[in-house]
1. Any chance you could count how many residues in segment 243-278 are open to solvent by 40 Å² or more (accessible area, probe 1.4 Å) and either aliphatic (A, V, I, L, M) or farther than 23 Å from residue 110 by Cα (or both)?
2. Considering (1) out of contact with any strand residue (DSSP E or B) (no Cβ under 8 Å at 6 or more places or on another chain); (2) within 16 Å of the ligand (Cβ to nearest atom); (3) not acidic (Asp, Glu), say which one residue 212 fails and leave the rest.
3. Inspect segment 400-414 for any residue being within 18 Å of residue 326 (Cβ to Cβ), in contact with a Ser or Thr (Cβ under 8 Å, 6 or more places away or on another chain) and among the aromatic types (Phe, Trp, Tyr) and give the result as yes or no.
4. Could you give every pair whose Cβ atoms fall below 6 Å, whose first residue belongs to segment 94-106 and is at positive phi, and whose second residue is open to solvent by 50 Å² or more (accessible area, probe 1.4 Å), counting only separations of at least 6 or pairs across chains?
5. Can you report the number of residues in segment 234-267 which are more than 16 Å from the ligand (Cβ to nearest atom) and under 25 Å from residue 362 (Cα atoms)?
6. Within segment 219-231, can you find the residues that are touching a strand residue (DSSP E or B) at 6+ places or on another chain (Cβ under 8 Å) and either of a type in the set (Lys, Arg) or over 18 Å from residue 263 (Cα atoms) (or both)?
7. So, residue 225, is that one within 21 Å of residue 116 (Cβ to Cβ) and either in contact with a Ser or Thr (Cβ under 8 Å, 6 or more places away or on another chain) or within 16 Å of the ligand (Cβ to nearest atom) (or both) or not?
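The values are calculated or read from the model by the stated rules, or taken from the named source; none is laboratory data. Bear in mind the structure is a predicted one, so any value in this text is a computation, not a measurement. Cβ placement follows ideal geometry from the backbone for every residue including glycine, while neighbour counts extend to all protein chains displayed. The accessibility values were calculated without ligands, DNA or RNA, using every heavy atom of the protein model including side chains. Shrake-Rupley method; radii C 1.70, N 1.55, O 1.52, S 1.80 Å.
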Amino acid sequence: MIRLLFLVGLLVVMLASPAAAHDVKAGADLRIAQTIAGAELTLVIKATTRVPGPLRVEVIGFPSAPTLDLRLRSVTDGRVVTGAVAPGRPAQLRVEETGPHELTVGAGGESAVIPFRVLVDRGSGWEFLIYGGLFVAGLLLVGGLLTGAFNRRGRSAFVVTAVASVGLAVAALIVILDPWLPARSPDGAEPRPTDTMIGRPYVQRVVTTVPAAPAAGQEFVARVELFDGSTGRPVDDLTIHHEAMAHLVVTSEDGRYFRHVHPLRTAPGRLEVRLRADRPGRYLTYVELERTDSGGQLLTGSFTVTGSPTLSPDPAIQDTAAGTVTVMPAAPQAGRAATVEVATSGTPRPWLGMAGHLIVRGADGEFLGHVHEMGTPGNRLRFTFSFPAPGRYLAWAQYATDRGITTVPFTVEVPR
Ligand SMILES: [Cu+2]
């Protein structure tokens, strides 16, 4: 009887624990920064828990975003649903099945086609053993009770209890071992080779502008075309890296012009963004991206702006009051970690997954570094940066507040 009570107690404990150990993880939200219709925004495709069902899409503006027209197409069966999203007005797009989809986002005559996969977590796949074990144990417990009641000799009751214990033990073992058991890929996931450590060739890029020689003060398109270093075919397997398909930094040679934008995918292997430069001269481009299974890459290029200077000051740079940036030590040593502290105007909110970004360029443009804020509380950003060699560096600290994105330019002299 004592043994029986113990088993019932164990059963109650066991029944309570699988629910806690098997939260249905519906995957993470997909966050993609886009520069569209002159706005900097983050598109959020929320995680799905059931398909067929609604797919929720949200948009966060820095500081504001236009209404975006959405068109969701299932690559599997070509089914299309449409909708619109604006800040505070999420869209619900009906999804019929898991797997590859394309979300076309349009505003102000521009559009991006974002490929992604609708995934639904299938659990670890070991639940059947847990629930099977519990089911057998429960069944035999009842059997054991009956056997015990009608059979004076305890032998068969002992056997039944033993089998019930084995059922419980299997269930308990699986619950305990669950974190180490191989996880099943979610429903709708891309079939993957077993060896994912091989990586893919580097991307080769061509940065062009449309028109080929843009004039100062006029809008133009900066186009990044990505080719596989081995096959020469368009590269269309970019993974989301720091919440964007690609980060494009454009600076004038003297550093007075600075843009950090997130180009739109207009075709396989092609990314485009609209820009305007106020002065003629050579402009340097840096593209940060990541191919699936292959790590991050920094691609450099340049283009030339013609014409004569326009007098408009660069609106992207908010030159806040002097003294907001402190470099410690004031004369950093090459190869040694230095601390850069930025006093922010307003409380920073996450942008591209971080509270702050620090982009550092060598005066000649040969070097570009990019680090993130370390998680400093209050209205301060603190970065650790190692300048690679003596020389003059142009730097821009960036952060987002409710008023939009603030860029703080400064220079650092690294002595010999
Ligand atoms: Cu970026």
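1. Of the residues in segment 243-278, 3 are open to solvent by 40 Å² or more (accessible area, probe 1.4 Å) and either aliphatic (A, V, I, L, M) or farther than 23 Å from residue 110 by Cα (or both).
2. It fails just one condition, (2).
3. Checked segment 400-414: no residue is within 18 Å of residue 326 (Cβ to Cβ), in contact with a Ser or Thr (Cβ under 8 Å, 6 or more places away or on another chain) and among the aromatic types (Phe, Trp, Tyr).
4. 99/76
5. Residues flagged as more than 16 Å from the ligand (Cβ to nearest atom) and under 25 Å from residue 362 (Cα atoms) within segment 234-267 amount to 6.
6. Passing the criteria: 223, 228, 229.
7. Answer is no for this residue.
The rows are residues; the columns are (1) of a type outside the set (Asp, Glu); (2) farther than 21 Å from residue 302 by Cβ; (3) in contact with a helix residue (DSSP H, G or I) (Cβ under 9 Å, 6 or more places away or on another chain).
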residue: 243; (1), (2), (3): no, yes, no
residue: 249; (1), (2), (3): yes, no, no
residue: 254; (1), (2), (3): no, no, no
residue: 258; (1), (2), (3): yes, no, no
residue: 261; (1), (2), (3): yes, no, no
residue: 267; (1), (2), (3): yes, yes, no
